Amino acid sequence: MNPAEIIEMATVKGVILTLSNAGYIKASGDQSAIDLWLPTIKQNKAEILNELLRDSRLEKVSLVLRDNPELRYAIEVENPDSDPVVITVGIRKIAVFELAIPHKYYDSFTLLELIESYTGEKHENQR
């Protein structure tokens, strides 16, 4: 099973996997179900954590668009110095997605120009 399937199957069986405030996996629900899923969760901890973090980033960008109806897009760059650079993008009425760009090819201005070409909107700092 991949991490998304583990999270989904655990949920069906009564175990809710979320991120804690400290960035760890938090399992809640029926304790007997948690006990049954704990070995699978531990064995796939890193992958599940990455999936939960990804879901959190996608939700964050979606909420920015929801709470700011004047915005056509929202962008979140987790760490511009990482390799790859993970970028979460939400384009209103089109998609919410993530990109992983090798650091040596990452250019924030080029990315912004590309997104603006799809939204028909210029960044407010451009003239």
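The values are calculated or read from the model by the stated rules, or taken from the named source; none is laboratory data. In this text, all values refer to a predicted model and were calculated from it rather than measured experimentally. Please note: Cβ atoms are built from the backbone with ideal geometry, for glycine as well, and neighbour counts cover all protein chains shown.
Look through the stretch 32-84, keep the residues that are among the small types (Gly, Ala, Ser) and under 18 Å from the mean Cα position of the chain (by Cα), and return whichever of them is farthest from residue 1 (Cα to Cα). Here the answer is 74. On the stretch given as the stretch 88-116, residues that are part of a strand (DSSP E or B) and touching an Asp or Glu at 6+ places or on another chain (Cβ under 7 Å) total 1. Quick check on the stretch 103-111. Is at least one of its residues among the aromatic types (Phe, Trp, Tyr), in contact with a Lys or Arg (Cβ under 9 Å, 6 or more places away or on another chain) and surrounded by 13 or more Cβ atoms within 10 Å (Cβ to Cβ)? No, that holds for no residue. Each residue in the stretch 1-21 was checked for being farther than 18 Å from residue 59 by Cβ and either of a type in the set (Gly, Ala, Ser) or in contact (Cβ under 8 Å) with a residue 60 or more places away in the chain (or both), and 2 of them qualify. When 18, 88 are checked against the criterion of being in contact with a helix residue (DSSP H, G or I) (Cβ under 8 Å, 6 or more places away or on another chain), not assigned by TED's automatic domain parsing to the domain that holds residue 119 and not charged (D, E, K, R), a single residue qualifies: 18.
Filtered by the rule that a residue be under 17 Å from residue 50 (Cα atoms) and surrounded by 11 or more Cβ atoms within 10 Å (Cβ to Cβ), the stretch 77-88 gives 77, 78, 82, 83, 84, 85, 86, 87, 88.
For the condition at positive phi and either out of contact with any His (no Cβ under 7 Å at 6 or more places or on another chain) or of a type in the set (A, V, I, L, M, F, W, C) (or both), what is the one hit in 60, 93, 104, 45?
93
Taking the stretch 117-127, which residues are within 17 Å of residue 70 (Cβ to Cβ) and either part of a helix (DSSP H, G or I) or at pLDDT 90 or above (or both)? So that I can check it myself, show each step before the final result.
So the first thing to find is which residues in the stretch 117-127 are within 17 Å of residue 70 (Cβ to Cβ), and the list is 119-125.
Listed by number, the list holds a single entry, 119.
Criterion applied to 77, 64 was being within 19 Å of residue 95 (Cβ to Cβ) and at pLDDT 95 or above, and the one residue passing it is 64. The set of residues in the stretch 18-30 that are surrounded by 12 or more Cβ atoms within 10 Å (Cβ to Cβ), over 29 Å from residue 95 (Cα atoms) and not charged (D, E, K, R) comprises 27, 29. The requirement of being acidic (Asp, Glu), surrounded by fewer than 16 Cβ atoms within 10 Å (Cβ to Cβ), assigned by TED's automatic domain parsing to the domain that holds residue 1 and in a helix (DSSP H, G or I) is satisfied by residue 47.
If you check 74, 33, 10 for being surrounded by 13 or more Cβ atoms within 10 Å (Cβ to Cβ) and under 30 Å from residue 118 (Cβ atoms), only one passes: 74.
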